[in-house]
Amino acid sequence: MKQIKNLYEYIDLMKTRIMMTVGERSLSALYFHVKGYEVGSKEDEKLEPSFHLFHDFVANYYLRFESTAGWRNIILAENYGNEERALETFFVLFDDFRKNVQPTNSKIILLDLLEKIILNENKFLENLIKEISVEDYNKLKLLLNKIASVEFLSDYDEILDEIKILTINSKMIQDCLFLK
């Protein structure tokens, strides 16, 4: 095993060998390994970006006003307490954090789409019905109605993905979705 130089290399190692390094597919287990690493680290590592900013990154990703719950608790909550799913989410978010990727905000995109539909209802709907079938139009209405019952940001992501697939042939909808 190679010599680990910093926390990011340690997380990369855990990602590729989670069962060997952590012992279980669990976000909490990974979290405690990371905490142990941080406590055991003899020097302040100059990581780019600083790992302490990951709390804010995760909070912003999930549209939280603050990060005081910490990245572990936020990711777990957004994954309904499912440790394995939360672990997978962690690695995706961590990769985006290291690459300084700004997350796509599905909620804002969907609310903007709804606003365009509501403000231009007659014209928008007339043009939309020319681009997609009546069946797809009815499915789209059902998806848009699901927005009212969303509890987690991941629900917005799922609705947005379904709308993108459903309206792949609608230039009007695709333009609305990809303007953000």
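The values are calculated or read from the model by the stated rules, or taken from the named source; none is laboratory data. All figures in this text were calculated on a predicted structure; none of them were measured in a lab. Cβ coordinates were reconstructed from backbone atoms using ideal geometry, including for glycine residues, and neighbour counts include every protein chain displayed.
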ask   = Tell me, which residue of the range 9-28 that is of a type in the set (S, T, N, Q) and part of a helix (DSSP H, G or I) is nearest to the chain's Cα centre (by Cα)?
value = S28
remark   = Among (1) on the phi > 0 side of the Ramachandran plot; (2) of a type outside the set (A, V, I, L, M, F, W, C); (3) surrounded by 13 or more Cβ atoms within 10 Å (Cβ to Cβ), Y80 falls short only on (3)
query = Among the residues of the range 139-168, which ones are free of Cβ contacts under 8 Å to residues at least 12 places away in the same chain, assigned to a helix (DSSP H, G or I) and either over 16 Å from I129 (Cα atoms) or not assigned by TED's automatic domain parsing to the domain that holds E115 (or both)?
reply = N145, A148, S149, D155, E158, D161, I165
request  = Starting from residues that are among the charged types (D, E, K, R) and surrounded by 14 or more Cβ atoms within 10 Å (Cβ to Cβ), keep the ones in the range 146-163 and report whichever is nearest to A77 (Cα to Cα).
outcome  = D155
ask   = Checking V92 against (1) in contact with an Asp or Glu (Cβ under 8 Å, 6 or more places away or on another chain); (2) part of a helix (DSSP H, G or I), which test does it fail?
value = (1)
ask   = Is it the case that some residue within the range 106-129 is modelled with pLDDT under 80, within 25 Å of R64 (Cβ to Cβ) and surrounded by fewer than 12 Cβ atoms within 10 Å (Cβ to Cβ)?
value = no
note = Within the range 11-38, residues modelled with pLDDT of 90 or more and of a type in the set (F, W, Y) come out as Y31, F32
ask   = What pairs can you find where one residue is in the range 91-120 and under 20 Å from E158 (Cα atoms), the other is basic (K, R) and surrounded by 14 or more Cβ atoms within 10 Å (Cβ to Cβ), and their Cβ atoms are less than 8 Å apart, with a gap of 6+ or different chains?
value = F91/K15
task = Would you mind finding the one in N73, N60 that is in contact with a Pro (Cβ under 9 Å, 6 or more places away or on another chain), of a type in the set (S, T, N, Q), closer than 28 Å to I147 by Cα and in a helix (DSSP H, G or I)?
result = N60
note = Log entry, pairs with first residue in the range 12-38 being at positive phi, second being outside any loop (DSSP other than H, G, I, E, B) and at pLDDT 90 or above, beta carbons closer than 8 Å, six or more apart or on different chains, reads G23/A29
message = Step by step: first the residues of the range 38-79, then only those that are within 22 Å of K99 (Cβ to Cβ) and basic (K, R), then the one that is nearest to the chain's Cα centre (by Cα). Which residue is that?
response = R64
Selection from the range 85-103 of residues that are under 10 Å from the mean Cα position of the chain (by Cα) and surrounded by 14 or more Cβ atoms within 10 Å (Cβ to Cβ) = T89, F90, L93, D96, P103
